[in-house]
Every structure is written in C-alpha cells, then in structure tokens.
Amino acid sequence: MLRYGSSDQEVLKNVKEGATVEMAERFTANCKSLGLVDHGDFIICLPGETRGGFRKTIDFVKLMDKPFVVLGIGVIEWLRCRGTLTHPLWGLIFPALAISAAGMLFMHKHGSGAAADKIYLHHSVMASSGIVAMVAKVVDDTEMVENRLGSYLWPGLIMFIGVMLLFYSE
C-alpha cells in the first residue's frame with residue numbers, strides 16, 4: 001500500500017509531501033502493467049484542497065484496482081476541537097467508521113490453519129480494542145459519566161492498535 005495523500009500537486013506541496021502526482025501516476029501504471037494490485041491511501045480535506053483538487057483525487061482513485069480511501073478523520077476531530085463543527089453528529093463519524101472497520105476485521109478470514117488462526121487472533125484483538133475505544137470516546141464526548149476515564153482509555157487503545165500494527169504481518 002502506498003500513501004498517495006492527494007492527486008493535487010498543490011495540496012501535496014502544502015503538506016510537504018516528497019512525492020509528486022506524476023510519480024504516483026507512474027507507480028500506479030507500473031503496478032497495473034506488472035499485474036500487481038495497487039492499494040492507495042488518500043486523505044480528503046488536506047490543507048488547501050479545493051473542490052477541483054478533491055475531484056482530481058476521486059478520479060485518480062477510480063483508476064486503481066482496489067482503492068482504499070482514508071477520510072480526513074483527523075481534520076474532522078481537529079475542527080471539532082476548535083469549535084468549528086459543533087453539531088453532536090460530527091462526533092459520531094470517527095466512532096462509526098472505526099466500529100464498522102472492526103466489524104470487517106471480525107468477518108475477515110484468511111483460510112484455515114495455524115497461520116490463519118494467528119492472523120484472526122490479531123484481527124480480533126484490534127477489532128475489540130477499536131470497539132471499546134470508540135464506545136469510550138462517545139461516552140467521553142457526550143459526558144455521560146462524570147469519571148474522565150474515557151478520555152484516557154480511548155487514546156490509549158488507539159495507540160495500542162498502532163503498536164500492534166507496527167508488528168502485524170499476514
């Protein structure tokens with residue numbers, strides 16, 4: 001998987017990305033010519049992105065065999081913290097996507113045998129951690145309980161998942 005970021009060169013320049021759109025296009029074409037499946041990580045709502053730049057990125061994603069699009073969750077959370085996005089439903093986007101991703105991890109299988117069981121165990125631990133983290137985040141955001149444990153629990157679990165991903169292999 002390659003982190004493309006955006007298909008708008010100006011946006012890539014704004015975020016100080018070392019790669020260019022031309023490099024991404026060449027890489028994608030090379031993958032296709034070699035019969036390799038290219039997975040790309042794109043971030044929507046990067047600084048300086050316009051409707052035209054967004055459209056370029058979406059058009060580029062459509063050229064890929066199996067695109068993996070990462071929404072600008074960080075941007076949404078940042079705008080929420082700044083007070084720009086105040087409607088309570090904005091706070092449910094990250095948890096909803098994370099819980100749906102956890103569900104996909106639970107349903108995702110790699111066949112049978114010891115290696116497949118090990119992968120499924122990793123998927124289950126990450127998925128369970130993600131669900132608990134997002135429930136804790138929603139409880140923390142809505143201040144349903146006076147205890148602030150959720151404000152420590154959900155970031156800690158997200159970091160735990162990140163550490164697991166550092167050592168994860170299939």
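The values are calculated or read from the model by the stated rules, or taken from the named source; none is laboratory data. Keep in mind that this is a model prediction, so the values were computed, not measured. FYI the Cβ positions are ideal-geometry reconstructions off the backbone, even for glycines, and counts take in every protein chain you see.
What the table below lists for this structure:
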quantity	calculated
Neighbours by Cβ (under 8 Å, 6+ apart or cross-chain): first from the stretch 97-122, without any contact (Cβ under 8 Å) to a residue 40 or more places away in the chain and not assigned by TED's automatic domain parsing to the domain that holds Ile158; second of a type in the set (Gly, Ala, Ser) and not in a helix (DSSP H, G or I)	none
Residue selected from the stretch 145-157 under the condition within 18 Å of Ile93 (Cα to Cα) and surrounded by fewer than 18 Cβ atoms within 10 Å (Cβ to Cβ), by the criterion modelled with the highest pLDDT	Pro155
Criterion (aromatic (Phe, Trp, Tyr), at pLDDT 65 or above and within 27 Å of Gly91 (Cβ to Cβ)) met by exactly one of Phe42, Phe27	Phe42
Residue within the stretch 117-139 that is buried (at least 18 other Cβ atoms within 10 Å of the Cβ), of a type outside the set (Val, Ile, Thr), in contact with a Gly (Cβ under 7 Å, 6 or more places away or on another chain) and farther than 20 Å from Tyr168 by Cβ present	yes
Residues satisfying the stated conditions in the stretch 56-101, i.e. at pLDDT below 80 and basic (Lys, Arg)	Lys62, Lys66, Arg80, Arg82
